[in-house]
Amino acid sequence: MDIKFVLNGESVTVKAEPMQSLLYTLRHQLGAVSAKDGCNEGECGACSILMNDQLVNACLIPISQVAGAKLMTLEGLKKDPKGMLVIESLLKAKGVQCGFCTPGMVLALYALLVENPHPSETEIRTAISGNLCRCTGYGMIVDAARIAAEKGAGLW
Ligand code: FES
Ligand code: FES
């Protein structure tokens, strides 16, 4: 079937079986490889993207459910000053080590700050609770969220 949706501000149409995952479609048909294939079963958050402004695990979503939706991956977020602020804050706080979790983490922090520009530590930790990081111990990612919140005052 043909499925039409908006990816990073551009209208796209893909041909796919209805149950093919959104993650597979992004990575193998649309070149949006920032969404990572970690567990492919909704456990790690490496495939996190925004769908209609909500954080979702792309590995769990059949492509047929995406018809008409608005999607944002890290490729699109890099064109948004707020997205770049989150990326720069992660780098500044040394919240990026191997980088595998980073695209999903950026999307999770971005979604949090859009919703809540002044999050508490508990709110930050809750917002990233679905995104596993095997490298940083999370403290540096929490610091990054604080930096992005402070530097982005007025932006969010
Ligand atoms: S790859 Fe989707 S949650 Fe792990
Ligand atoms: S930086 Fe390596 S998994 Fe998070």
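Key figures for this structure:
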item	result
Scope the stretch 111-133; condition among the polar types (S, T, N, Q) and assigned to a helix (DSSP H, G or I); matching residues	THR122, THR126
Residues of the stretch 9-26 that turn out to be of a type in the set (A, V, I, L, M, F, W, C), within 16 Å of ligand 1 (Cβ to nearest atom) and over 16 Å from the mean Cα position of the chain (by Cα), as a count	1
Near pairs, Cβ below 7 angstrom, 6+ apart or cross-chain, from the stretch 84-113 (free of Cβ contacts under 8 Å to residues at least 60 places away in the same chain) to any residue that is away from ligand 2 (no atom under 13 Å from the Cβ) and among the aromatic types (Phe, Trp, Tyr)	LEU113/TRP156
Count of residues meeting criterion [under 13 Å from the mean Cα position of the chain (by Cα) and outside any strand (DSSP E or B)] in the stretch 27-60	14
Unique residue being open to solvent by less than 20 Å² (accessible area, probe 1.4 Å) and away from ligand 2 (no atom under 14 Å from the Cβ) when the list is ALA67, ALA32	ALA32
Extreme residue, nearest to MET51 (Cα to Cα), among residues of the stretch 1-19 that are out of contact with any strand residue (DSSP E or B) (no Cβ under 8 Å at 6 or more places or on another chain) and open to solvent by 90 Å² or more (accessible area, probe 1.4 Å)	GLU10
The stretch 86-110, residues that are out of contact with any helix residue (DSSP H, G or I) (no Cβ under 7 Å at 6 or more places or on another chain) and either more than 15 Å from ligand 1 (Cβ to nearest atom) or in a loop (DSSP other than H, G, I, E, B) (or both)	GLU88, LEU91, GLN97, CYS98, GLY99, PHE100, CYS101
Failed condition for GLU75, given (1) over 25 Å from GLY154 (Cβ atoms); (2) open to solvent by 10 Å² or more (accessible area, probe 1.4 Å); (3) within 14 Å of ligand 1 (Cβ to nearest atom)	(3)
Whichever residue in the stretch 106-156 is among the basic types (Lys, Arg) and within 16 Å of ligand 2 (Cβ to nearest atom) and, among such residues, is surrounded by the most Cβ atoms within 10 Å (Cβ to Cβ)	ARG125
Where GLY83 falls short, out of the listed (1) on the phi < 0 side of the Ramachandran plot; (2) under 14 Å from the mean Cα position of the chain (by Cα); (3) within 16 Å of ligand 1 (Cβ to nearest atom)	(3)
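The values are calculated or read from the model by the stated rules, or taken from the named source; none is laboratory data. Fair warning: this is a prediction, and the values are worked out from it, not measured in the lab. Quick reminder, even Gly has a Cβ in these numbers, built from the backbone with ideal geometry, and neighbours come from all protein chains shown. What goes into the accessible areas is simple: the full protein's heavy atoms, side chains included, and nothing from ligands, DNA or RNA. Shrake-Rupley method; radii C 1.70, N 1.55, O 1.52, S 1.80 Å.
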